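Trainee: There's a structure below that I have some questions on.
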Amino acid sequence: MGHDARSTDARPQTRRAVFISSPDLWRVGFGGKHPLKPERLARTVALLTAYGALDAPNVEVVTPRMASNEELALFHTPEYVDAVRRLSTGDDRIPAHRYGFGPGDNPVFRGMYESAGLKAGGGIQAAERLLAGECEVAFNFSGGLHHAAPARASGFCIFNDVAIAIAYLVAQGQRVVYVDIDAHHGDGVQNAFYESDQVLTISLHQDGRTLFPGTGFVEETGRGKGAGFSVNIPLRPNTDDATYLWAFEALVPPLIQRFAPDILVTQLGVDTHYQDPLTTMALTTEGHEALFRVFSSLATMPWLACGGGGYNLDVVPRSWALAFAVMSGQTLPDALPQAYRDAYGGEWLHDHRSPHLDAATKARARWQAEEVVAAVRSAMGL
């Protein structure tokens, strides 16, 4: 690519940006062999710090607080919250499997209640700051845990910080649009608001026939008052930047414009990257940054961004650094800072390689995207 720096947004920005962060967010985790490694968070902060991005005059770093029982109860059952708290202390009298915990995706670990509670509290803080007009954009990068159900952990997610924050916003009278670009369907958030006309949920993801959680089909459009307020855009494995962005721009901006929300909430999972070990999508950091730019252009309203998936330790910090640079209107040099390179390796902020996809693979992905876009347009009356 041969460039030294890129503007992360075509328009100069002076938006006040909040970044929710504390080492307590990554102090404990599911264990060394689990894909959701706390190091992803530590590396992201290390990269933003090395660039000086958190020291910009329009940026405030906010330490997260624990979500209260009342805040967790905006989505989760009191019984589940109590079970998580007790399991977190090593109480083996609790039937962990009843609440979705056990070997595999969601092993119990000491301190998980506090770790998950901080991530949920950070989402509430971001929402509070935005509603108070203290910032225009806020990034709860440790959040985005969109699979958790009211009484069950699921897919590496203990507390559903996204559903909690959106429920809080709705309780404050806000109309919320939620856009989820994680490779996995945002099932927990969709289910939370499936019968609500105050939340428009839009999820772009790898086809549920090929990836957990096996949901997120075009036919899932909401129920009752929420009919027509759930939108799913399932894409074929090996969908690349061009096809993904085409589908996104064909549907997301017009849906948001018609809904006329008060606030934009996004889940910025970056496991759509072609080097991610858990998925088979084919995006690059170029594609991620292009999506962040579209969100930025749509964010004429307050914008609460959450993190999410992403399991390649080299990719996640780079993509989320690009996300926060776009949100806060900063330009980051393409050469990684020497301090970061010394600690973690790597050379460039952006990918300097692309996935090798043959013409037939690209054509199949484009064909499915065109079919899906047409089906969503029909279902949504666009």
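Trainee: If a residue must be part of a helix (DSSP H, G or I) and loosely packed, with under 15 Cβ neighbours inside 10 Å, how many such residues does the stretch 342-363 contain?
Mentor: Number of matching residues: 5.
Trainee: Could you list all residues from the stretch 115-132 that are under 20 Å from Ser154 (Cβ atoms) and either more than 18 Å from the chain's Cα centre (by Cα) or not small (Gly, Ala, Ser) (or both)?
Mentor: Hits for the stretch 115-132 are Leu118, Lys119.
Trainee: Still on this structure, please answer the following. Being in contact with a Gly (Cβ under 8 Å, 6 or more places away or on another chain), over 27 Å from Val326 (Cβ atoms) and among the β-branched types (Val, Ile, Thr): is that true of Thr215 here?
Mentor: In short, yes.
Trainee: Now for a different question. Being within 13 Å of the chain's Cα centre (by Cα) and of a type in the set (S, T, N, Q) is the filter here, so list the residues in the stretch 139-190 that pass it.
Mentor: Of everything in the stretch 139-190, those that are within 13 Å of the chain's Cα centre (by Cα) and of a type in the set (S, T, N, Q) turn out to be Asn140, Ser142, Asn160.
Trainee: I'd like to check something: does the stretch 140-163 contain any residue that is aromatic (Phe, Trp, Tyr), at pLDDT 95 or above and under 23 Å from His97 (Cα atoms)?
Mentor: So far as the stretch 140-163 goes, yes, one or more of its residues are aromatic (Phe, Trp, Tyr), at pLDDT 95 or above and under 23 Å from His97 (Cα atoms).
Every residue, every condition in (1) assigned to a helix (DSSP H, G or I); (2) touching a helix residue (DSSP H, G or I) at 6+ places or on another chain (Cβ under 6 Å); (3) within 25 Å of Ala126 (Cβ to Cβ); (4) modelled with pLDDT of 95 or more, yes or no:
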| site | (1), (2), (3), (4) |
| --- | --- |
| Glu219 | no, no, no, yes |
| Pro237 | no, no, no, yes |
| Trp246 | yes, no, no, yes |
| Ser296 | yes, yes, yes, yes |
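Trainee: Of the conditions (1) more than 17 Å from Ala379 (Cα to Cα); (2) free of Cβ contacts under 8 Å to residues at least 60 places away in the same chain, Trp246 fails just one. Which one is it?
Mentor: (2)
Trainee: So, one more: Might you let me know whether the stretch 113-123 holds any residue that is basic (Lys, Arg), closer than 29 Å to Ala325 by Cα, out of contact with any helix residue (DSSP H, G or I) (no Cβ under 9 Å at 6 or more places or on another chain) and assigned to a helix (DSSP H, G or I)?
Mentor: The answer is no; no qualifying residue exists.
Trainee: Is it true that Gly144 is in a loop (DSSP other than H, G, I, E, B), small (Gly, Ala, Ser) and crowded, with 17+ Cβ neighbours inside 10 Å?
Mentor: Numbers: in a loop (DSSP other than H, G, I, E, B): yes; small (Gly, Ala, Ser): yes; crowded, with 17+ Cβ neighbours inside 10 Å: yes.
Yes, satisfied.
Quick grid of which residues meet (1) over 22 Å from the mean Cα position of the chain (by Cα); (2) at pLDDT 95 or above:
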site: Asp4; (1), (2): yes, no
site: Ser7; (1), (2): yes, no
site: Pro12; (1), (2): yes, no
site: Ile20; (1), (2): no, yes
site: Ala46; (1), (2): no, yes
site: Ala56; (1), (2): yes, yes
site: Val62; (1), (2): no, yes
site: Glu70; (1), (2): yes, yes
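Trainee: Here's another thing I want to ask about it. For the stretch 209-238, which residues satisfy the criterion of being of a type in the set (Asp, Glu) and within 18 Å of Gly155 (Cα to Cα)?
Mentor: Of everything in the stretch 209-238, nothing turns out to be of a type in the set (Asp, Glu) and within 18 Å of Gly155 (Cα to Cα).
Trainee: For the stretch 372-380, check the following and say yes or no: at least one residue is farther than 16 Å from Gly287 by Cα, part of a loop (DSSP other than H, G, I, E, B) and in contact (Cβ under 8 Å) with a residue 24 or more places away in the chain.
Mentor: Within the stretch 372-380, none of the residues are farther than 16 Å from Gly287 by Cα, part of a loop (DSSP other than H, G, I, E, B) and in contact (Cβ under 8 Å) with a residue 24 or more places away in the chain.
Trainee: Out of the stretch 113-171, which residues are of a type in the set (S, T, N, Q), in contact with a Lys or Arg (Cβ under 8 Å, 6 or more places away or on another chain) and within 17 Å of Val81 (Cβ to Cβ)? Even if it seems obvious, please write down each step before you answer.
Mentor: First, pick out the residues of the stretch 113-171 that are of a type in the set (S, T, N, Q): 115, 125, 140, 142, 154, 160.
Cutting the leftovers down to in contact with a Lys or Arg (Cβ under 8 Å, 6 or more places away or on another chain) gives us 115, 125, 140, 142.
Answer for the stretch 113-171, where residues must be of a type in the set (S, T, N, Q), in contact with a Lys or Arg (Cβ under 8 Å, 6 or more places away or on another chain) and within 17 Å of Val81 (Cβ to Cβ): just Ser115.
Trainee: Would you pick out the residues in the stretch 305-323 that are closer than 22 Å to Ala116 by Cβ, in a helix (DSSP H, G or I) and more than 12 Å from the chain's Cα centre (by Cα)?
Mentor: Pro317
Trainee: When you go through Leu322, Leu304, Leu336 one by one, which is the residue that is farther than 30 Å from Glu220 by Cα, touching a Gly at 6+ places or on another chain (Cβ under 8 Å) and among the aliphatic types (A, V, I, L, M)?
Mentor: Checking each option against the conditions leaves just Leu336.
Trainee: If you don't mind, there's one more thing I want to ask. Within the stretch 252-301, track down each residue that is surrounded by fewer than 20 Cβ atoms within 10 Å (Cβ to Cβ), within 28 Å of Pro35 (Cα to Cα) and of a type in the set (S, T, N, Q).
Mentor: Once the filter is applied, which keeps residues that are surrounded by fewer than 20 Cβ atoms within 10 Å (Cβ to Cβ), within 28 Å of Pro35 (Cα to Cα) and of a type in the set (S, T, N, Q), the stretch 252-301 yields Gln275, Thr280.
Trainee: Looking only at the stretch 344-382, count every residue that is farther than 16 Å from Pro237 by Cα, of a type in the set (Ser, Thr, Tyr) and over 26 Å from the mean Cα position of the chain (by Cα) and tell me the total.
Mentor: Within the stretch 344-382, residues that are farther than 16 Å from Pro237 by Cα, of a type in the set (Ser, Thr, Tyr) and over 26 Å from the mean Cα position of the chain (by Cα) number 1.
Trainee: Can you tell me which residue within the stretch 147-166, out of those that are surrounded by 24 or more Cβ atoms within 10 Å (Cβ to Cβ) and of a type in the set (Gly, Ala, Ser), is nearest to Glu79 (Cα to Cα)?
Mentor: The selected residue is Ala153.
Trainee: Follow-up. Taking the stretch 248-281, which residues are hydrophobic (A, V, I, L, M, F, W, C) and either out of contact with any helix residue (DSSP H, G or I) (no Cβ under 8 Å at 6 or more places or on another chain) or assigned to a helix (DSSP H, G or I) (or both)?
Mentor: Scanning the stretch 248-281 gives Phe248, Ala250, Leu251, Val252, Leu255, Ile256, Phe259, Ala260, Leu278.
Trainee: While we're here: Check Asn140, Asn160 and return the single one that is polar (S, T, N, Q), touching a Cys at 6+ places or on another chain (Cβ under 8 Å) and within 30 Å of Thr239 (Cβ to Cβ).
Mentor: Just a single option satisfies the conditions, and that option is Asn140.
Trainee: Would you confirm whether or not the stretch 199-207 contains a residue that is farther than 19 Å from Gly269 by Cα, modelled with pLDDT of 95 or more and part of a loop (DSSP other than H, G, I, E, B)?
Mentor: So far as the stretch 199-207 goes, no, none of its residues is farther than 19 Å from Gly269 by Cα, modelled with pLDDT of 95 or more and part of a loop (DSSP other than H, G, I, E, B).
The values are calculated or read from the model by the stated rules, or taken from the named source; none is laboratory data. Everything quoted here is computed from the prediction, not taken from an experiment. Virtual Cβ from ideal backbone geometry, glycine too; neighbours counted across all protein chains shown.
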